[in-house]
Amino acid sequence: MANIVLGVCGSIACYRAADLARDLMRAGHVVRVCLTDAAQKFVTPMLFETLTGQPCLIGAFEEPERGRMAHLDWARQADLLLIAPASANTLNKLAAGIADDMLTTMALAYEGPMVVAPAMNPAMYSHDATITAMRTLAERAVLIVEPTEGDVVVGEHGQGKLAANSEIVMAASTVLSARSLYAGKRVLITSGPTQEPIDDVRFLTNRSSGKMGAAIAQAALLMGAQVTVIAGPSATLYPRLARVIHVRTANQMLEEAAEAAGEADMVIGAAAVADYRPVHQAEGKIRRKSVDIHLELTPNPDIIAALAKLGKRTVGFAAEPTMDLSEAKAKIVRKGLYAIAHNDVSNPAIGFESDKNQLTLILANGSQEVSPLASKLQVALWLLEKIAN
Ligand code: CTP
């Protein structure tokens, strides 16, 4: 049983928040609702008060219990802040730290896990400002339950419909059940690509975006872990609460990871390490000539295999261009891993730059399980739950 504050913003999907409150109560939670001004154009406090048996907050200075400062009181007592539907306006305000109504004031005072389920016009959803706001929220480990594509109001079609209530309840339950799974644990993550210089302006690298490593870092933080990320160069932003060490080459990644691994309870290798590096790095710039040139390459160290030797629970990733699991299984043995997460990068829906993923987790003991196809954060939560025990 958990205390959930359900924030409801102005949207045609407001009516679904009533069912959502009921579903959460059926799952055994105490639900208290906070409505924004715009939400009150669609639904009333009385609807939610009758449904939940709890006071419903609307104004920033409301005091159901005098002298308790409701925004602080509710923020302290909540185990989860769930905002569904979340409007573009509220998402943008949350990202900027604006606190000009009860919901955003409470959110700013709140330090626990947050789930938001946006619902809005597709043009608003794809606006740069909204995308940036959602990125900022994701970096703060807010779990976003993405809207679905379909018919929205006034005859438009696109991504903006509030996700199914069952999906929102599942996201809330995952966050709640996992919140202390990693309390007191230290998780080390390698993430992103490495760059192996050829000369001062060129390098060998790969298509890894670092998004999966960032999602694992967010998930581990949500579950109470202390997180260190050894991150290769990429545009991905890592959560503010993680300790992030930026590196460039595989050798640098190994050096930093080996140092940080001493304190870690678990090591996760999400990095796409370049397998080879040029034997010689040319100074300056190799000039163009009209003859063939040859690049001599030498193998890079296997970072995860070296870390696995330290005896910590070590989990690797196998990004394979196929659904065939035999290579991934061979890597468990070759690298001495506890488990490996296979993903099929030939599928564009879950490949390198995608925001979604689906994994097959294979344990060294031979058991295997397939994750849902979901956002990288949801898949990361699933993965961490499976490898915790
Ligand atoms: N890995 C690593 N260091 C390397 C190569 C890979 O730490 N030099 C880790 C990756 O972070 C991942 C796992 O090993 O967790 C599997 O990576 P992958 O690239 O699939 O395996 P390779 O050993 O490079 O084999 P191949 O490229 O032949 O598939």
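The values are calculated or read from the model by the stated rules, or taken from the named source; none is laboratory data. Keep in mind that what you see is a predicted model, and the values were worked out from it rather than measured. Cβ sites come from the backbone with ideal geometry, for glycine too, and all protein chains shown count toward neighbours. Protein only, heavy atoms only, side chains kept; ligands, DNA and RNA dropped before computing areas. Shrake-Rupley method; radii C 1.70, N 1.55, O 1.52, S 1.80 Å.
Some points to look at:
- In the context of the full set of protein chains, region 3-179 has a per residue accessible area of 45 Å² (1.4 Å probe).
- Mean separation of Cα contacts under 8 Å (6+ apart) over length of the chain, as relative contact order %: 11
- Förster radius 41 Å - calculated FRET efficiency between ASP151 and HIS246 (Cβ-Cβ, nearest 0.05): 0.40
- Debye, to nearest 20: dipole size of the chain, +1 on Lys, Arg Cβ, -1 on Asp, Glu Cβ: 620
- Normalised by the number of residues in region 186-340, the mean separation of alpha-carbon contacts (under 8 Å, six or more apart) gives a relative contact order of 26 percent.
- Accessible-area composition of region 186-388, carbon plus sulfur, in percent [1.4 Å probe]: 50
- Protection proxy ranking of 319-326, 161-168, 145-152 - average other beta-carbon atoms within 10 Å, highest first: 161-168, 145-152, 319-326
- Within the chain, percent of DSSP bridges classed antiparallel, to nearest 5: 30
- Bridgeable lysines around LYS309 (alpha carbons under 30 Å apart, same-chain partners fewer than 8 residues away excluded): LYS185, LYS211, LYS329, LYS331, LYS335, LYS376, LYS386.
- Per atom type, region 3-179 shows carbon and sulfur on 54% of its accessible surface, probed at 1.4 Å.
- Each listed q (0.09, 0.12, 0.13 Å⁻¹) maps to a log10 I(q)/I(0) for the chain, found by the Debye formula over equal Cα scatterers with no solvent: -0.58, -0.93, -1.05.
- Within the shell defined by Cβ-Cβ distances under 14 Å, the residues around PRO64 carry a net charge of -2, with Lys and Arg each +1 and Asp and Glu each -1.
- Heavy atoms of ARG179 accessible to a 1.4 Å probe, total area in Å² rounded to 10: 90
- Local electrostatic count at ILE303 - Lys and Arg +1, Asp and Glu -1, tallied over other residues with Cβ under 15 Å: +1
- Secondary structure note: in region 211-367, about 35% of the DSSP beta bridges are antiparallel.
- Protection proxy ranking, peptides 363-370, 259-266, average beta carbon neighbours within 10 Å, highest first: 259-266, 363-370
- Solvent-accessible area per residue for region 186-388 (1.4 angstrom probe, square angstrom): 48
- Label-point separation, ALA60 to ARG26 (7 Å along Cα→Cβ), nm: 3.7
- Label-point separation, ASP37 to LYS289 (7 Å along Cα→Cβ), nm: 7.2
- Contour minus Cα-Cα distance for LEU325 and SER346 (0.36 nm per residue): 6.2 nm
- A prolate overall shape is assigned to region 186-388, the ratio a/c of its alpha-carbon gyration tensor axes (a ≥ b ≥ c) being 1.5 or greater and a/b exceeding b/c.
- ASP128/VAL333 FRET efficiency (R0 51 Å; Cβ-Cβ; nearest 0.05): 0.60
- Rounded, prolate or oblate (a/c below 1.5 giving rounded, otherwise prolate when a/b exceeds b/c) for region 3-179 by Cα gyration tensor: rounded
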